[in-house]
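As structure tokens, the structure follows; a few thoughts come after it.
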Amino acid sequence: MNQTNIVDIKAWIDARPISRFQWHVLLLCFLIIMLDGYDAAVMGFIAPALIEDWSISRAQLGPILGAAMFGVAIGALVAGPLSDRYGRKRILLWSVAFFALFSLAAAAAQSPLQMALMRFLTGLGLGAVMPNCVTLVAEYMPGRRKGLMITLMYSGFNVGSGLGGFIAAGLLSHYSWHSALIFGGVLPLVLLPIMLVLLPESAMSMVARRVPTEKIANVLNRMGGNFNENNIFTLNTPLISRSSKVIQLFRHGYARGTVALWLTYFMGLFVIYLLNGWLPTILRSGGLSLQQAAIITGLFQLGGPLGGIIVGYMMDRTAAKKVIALTYFLGCLCLLTQGVMDFGSVTLAVLIFLSGMCINGAQNGLQAFSPAYYQTEIRATGVSWMHGIGRTGAILSSTLGGVIMLAVPGHSSIFLVLALPACLAGIAILLHRMNRKEPRATEAELSALSQTLHNR
């Protein structure tokens, strides 16, 4: 008679070195997030061209920039519970296809209203991409390296946004603004069949959703395991009701941490998206050319990967929330310096790079911090709702950016305004408190649970 072995998946992953298979998962999610980053930033790069082409004001451009953010927020709120119910991979594939197709549709827009509608629909897909990639990578990486690996993956967003500045500068110098949107729509469609074949479903998610043992064993065997149908896979965590996953974010000691994550992400995205969307226009009003403005704006995002790697490395070795808070405070200091002093283009470029390294690096750190806070059954919901609620900061910054620029005299004074939310983000994460860990299940409880799973 074959012996049935009980395997705690998280403990098994934590005990093993990172395999080539896990690196493949990280790379694919990095590429997805890179394309997400390009699309999220592309409107900021083409904003000056839209203003000139359609003869609209900065204030009229605000709703166009904000439309995608409304879509992103709604997409994130909806995608999290769907991902926890139907799996990470399925929702991720649909979201990539969705934002790629509507990015192409936006390139054909003939009016500000059409552009706003297409960008809203693009945002629905974008909103589902980020939290699902973060959750998927978090569930495949060992706890001792999770901070570094997730921030490394998330740095793809900064790489995509940063390279978008250089790509947009090249395209805009030879073609119209339509080319930048077409470029951002074609690449995801090229990546989609590769994801379909090579990207795996989360093993932890499959256990939580009661997927047949053979499918879970096949995935784990690609990581170097040796499992078969006689193994019973478990998650050694307290069971959470499958109904109303959003409500669970405020139960079991999660409430304070959930609110703190929302506030921190809100403030960080307010800064990032206002600069992404309006920095080219700000720099243009300071006398720089369109190409110079696009390149310097790209430096803000390119600072993110370096900052994210540093933050992730430190998070794996010391108090994670203190590392994130300190990085926000350093970003606040850089913004204050830019607002107080009137620097030339070279010094300004360096300070913008350092600001991006700190603010984006801290945001990257949140991507590792948030999935570690929630357990598998509600992890995608927790991460996606942090993204969805936090995106209201991006919505406000995109819509109010033009109004703020009119209200604040001088093109550099806006950096003083942005220093405040950067400081508040650092304070909010310091108020975060981890929920008390529930007692680990006893061996008898594990045996009973395993028997239940086996009989399903």
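Points to keep in mind about this one:
- Mean separation of Cα contacts under 8 Å (6+ apart) over length of the range 1-156, as relative contact order %: 37
- Rounded to 10°, Cα long-axis angle of helix 320-340 versus longest principal axis of the chain: 0
- Entry note, the chain: relative contact order of 27 percent, from Cα contacts under 8 Å with a spacing of 6+ residues.
- Net charge dipole size for the range 5-455 [Lys, Arg +1 and Asp, Glu -1 on Cβ; Debye, nearest 20]: 900
- Anisotropy class of the range 340-400 from Cα gyration tensor, a/c 1.5 cut: oblate
- Relative to the longest principal axis of the Cα atoms of the chain, helix 255-285 runs at roughly 30 degrees.
- For the range 258-358, trypsin sites (Lys or Arg not before Pro) are listed when DSSP marks them as loop and at most 14 other Cβ atoms sit within 10 Å of their Cβ; the list is ARG317.
- Counting only alpha carbon atoms, the long axis of helix 290-315 and the longest principal axis of the chain meet at about 30°.
- Nonlocal Lys pairs with alpha-carbon distance under 28 Å, the chain (8 or more apart, or different chains): 20
- Gyration tensor verdict on the chain (Cα atoms; rounded if a/c is under 1.5, prolate if a/b is larger than b/c, oblate otherwise): prolate
- Computed lengthening from VAL211 to ARG85, 0.36 nm per intervening residue step minus Cα-Cα distance: 44.2 nm
- Helical runs assigned H by DSSP (4 residues or longer) give the chain a calculated mean residue ellipticity at 222 nm of -27000 deg cm²/dmol, each run adding -39500 (n - 2.57) before division by the residue total.
- Prolate is the label for the range 1-62, because a/c, from the alpha-carbon gyration tensor with a ≥ b ≥ c as root eigenvalues, is 1.5 or above and a/b exceeds b/c.
- Amide H partners (placed H, <5 Å) of ILE232, local residues excluded: ASN5, ILE6, VAL7
Bear in mind that the values in this text are calculations on the coordinates, not laboratory data. Since the structure is predicted, the reported quantities are computational estimates derived from the model, not experimental observations. Cβ atoms come from the backbone with ideal geometry, glycine included; neighbour counts cover every protein chain shown.
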